[in-house]
Amino acid sequence: PASTSQVLGETTEASYGGALRPGEGTAMAQFVQEGKRIPRRGEVGLKSHEIEAFEGEGFVMSGSRHKRMNAVRIRKENQVYSAEEKRALAMFNFEERQQRENTILAEFKTMMAGKFADAGATK
């Protein structure tokens, strides 16, 4: 049987899309895998509740005031999200396939054990 790394393939920078800088896709993917919000420029090092508090007080966090920068950020985030979704779907399909194979194998072993028990009893 194939291992999960063989099925999913190694996650490389290219798997996150071509418009990302070196290391950017991997860094963003770590936030996605941990279920955290991807920080924008100027927000690195702050926790999400701290950022929300600043925005609640009226501060405009970097990245939320420039339309073009915001569009680029959203596109990059979507590239990472789609790559992570593909990886998660591949993992789910792999586990489902393994479970089906194990079920079929267990049924086959039971059938063979029954056949050998019947053959031994008729002699």
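Just so you know, all these numbers are worked out from the coordinates, no wet-lab data involved. Note that the structure is a prediction, hence the values are computed from the model and not measured. We place every Cβ from the backbone using ideal geometry, glycine too, and count neighbours over all the protein chains shown.
The label point for N70 and the one for E34, both projected 7 Å from the Cα toward the Cβ, are 2.6 nm apart. Counting every C-alpha pair in region 68-109, the share spaced more than 16 angstrom apart comes to 58%.
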